[in-house]
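The values are calculated or read from the model by the stated rules, or taken from the named source; none is laboratory data. Treat the numbers as computed from the prediction; the structure is a model and nothing was measured. Cβ: placed from backbone, ideal geometry, glycine included. Neighbour counts: every protein chain shown.
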Ligand code: BGC
């Protein structure tokens with residue numbers, strides 16, 4: 001009997017979008033090769049950005065620091081203090097919309113927003129840890145120059161600017177001179193994993209994020225960062241891979257068409273197949289293509305065609321209860337239509353889980369550790385897609401075992417609440 005699940009699988013296979021069609025060894029090899037090219041400064045979709053952050057210093061206790069988490073949709077500012085055991089206490093937490101996420105801002109408007117959010121913290125601490133969830137080149141004095149916007153942020157004049165300097169110079173004009181340390185959110189997540197490792201159990205650390213956007217940070221020997229011969233070859237530091245821009249992942253025609261509808265066409269192709277800013281839109285396009293092939297009833301087709309948006313949160317709702325959401329408003333939509341919507345969305349999420357597992361596997365294999373079960377690689381994971389989409393984390397874990405089991409590497413997946421804020425605080429204290 002031909003079930004709706006079979007129909008979904010056949011449609012996705014015809015469109016080269018099914019997880020079973022992925023040659024995992026080939027993707028993993030391509031990931032590792034792109035990482036090497038990026039470290040050498042050669043042409044690669046992985047920027048492999050040195051961060052000038054190492055993990056060998058202890059976190060100072062009882063010293064307040066201001067932590068900023070400029071994330072995909074929200075921006076949070078807080079004061080953080082670590083106690084003698086390394087436990088963080090977060091206070092004065094304020095939340096705002098990320099500037100540029102709601103409407104286009106010019107350069108001045110963008111930076112002034114940050115000044116406005118930071119002024120209430122001016123007397124709270126001398127140092128600021130600044131976690132920024134966008135690709136930025138880091139200078140040795142730990143400022144960040146924005147390379148490009150991701151997650152559909154609209155503030156084009158800010159690209160190419162040093163973010164920290166632009167904000168902290170403005171604060172200085174208002175009489176507040178503060179030291180700051182600027183870092184990517186995956187590096188902050190890596191540091192948050194390290195900050196809870198009192199027993200020094202782990203061999204090395206990875207920060208992986210799969211929320212609005214996606215990315216990975218890991219620790220690399222300076223001597224392997226051959227594009228920076230000025231670094232001390234005896235030391236190591238965190239690398240921001242910018243894995244969301246990985247371009248060697250197999251894509252189908254619907255992925256390609258979807259990319260063409262986004263702000264940063266041709267960029268961040270991997271992110272557009274797996275992250276929260278895009279999964280909903282990608283699923284909707286898949287549904288529309290299925291409707292074009294008459295896979296739904298007439299009422300189902302009309303409903304799918306009438307939708308102009310589908311959020312990743314709604315996709316999660318469809319997976320949990322197919323009778324609701326996209327089909328909920330139209331009673332005449334058949335049970336088969338609803339099932340087909342669910343199976344198509346579920347398979348797109350499963351492919352995203354496989355891609356996420358391949359990304360994490362590449363970082364683990366590239367890491368400096370994981371040979372001994374006594375000192376596994378610590379993979380600290382953050383992000384709404386990973387934790388909130390139904391069944392997602394379990395699928396990633398399953399795929400990780402399949403990919404890494406035969407390679408005998410030891411790793412542990414952990415979750416530290418508020419990782420970007422805590423990691424930003426750690427970085428701010430280590431200036
Ligand atoms: C950005 C990365 C960030 C990731 C996770 C991506 O869109 O390019 O810098 O780490 O999202 O927030």
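For the reader, a short list of remarks on this structure follows.
- Within segment 282-307, tally of residues that are on the phi < 0 side of the Ramachandran plot and either modelled with pLDDT of 95 or more or buried (at least 19 other Cβ atoms within 10 Å of the Cβ) (or both): 18
- Leading residue by the ranking (nearest to residue 311 (Cα to Cα)) among those in segment 268-281 that are away from the ligand (no atom under 12 Å from the Cβ) and crowded, with 24+ Cβ neighbours inside 10 Å: 279
- Yes/no for residue 405 being part of a helix (DSSP H, G or I) and surrounded by fewer than 17 Cβ atoms within 10 Å (Cβ to Cβ): yes
- Qualifying residues in segment 126-143 (those that are surrounded by 17 or more Cβ atoms within 10 Å (Cβ to Cβ) and closer than 15 Å to residue 179 by Cβ) - the one nearest to the chain's Cα centre (by Cα): 130
- Verdict on residue 139 being under 19 Å from residue 49 (Cβ atoms), touching a residue at least 12 places away in the same chain (Cβ under 8 Å) and more than 10 Å from the ligand (Cβ to nearest atom): yes
- Among the candidates 201, 174, residue that is surrounded by fewer than 19 Cβ atoms within 10 Å (Cβ to Cβ) and closer than 22 Å to residue 116 by Cα: 174
Condition check ((1) more than 16 Å from the ligand (Cβ to nearest atom); (2) outside any helix (DSSP H, G or I); (3) touching a strand residue (DSSP E or B) at 6+ places or on another chain (Cβ under 7 Å); (4) free of Cβ contacts under 8 Å to residues at least 60 places away in the same chain) across all residues:
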position: 350; (1), (2), (3), (4): yes, no, no, no
position: 356; (1), (2), (3), (4): no, no, yes, no
position: 359; (1), (2), (3), (4): no, no, yes, no
position: 373; (1), (2), (3), (4): yes, yes, no, yes
position: 394; (1), (2), (3), (4): yes, no, no, yes
position: 412; (1), (2), (3), (4): yes, yes, yes, no
position: 422; (1), (2), (3), (4): no, no, yes, no
position: 425; (1), (2), (3), (4): yes, no, yes, no
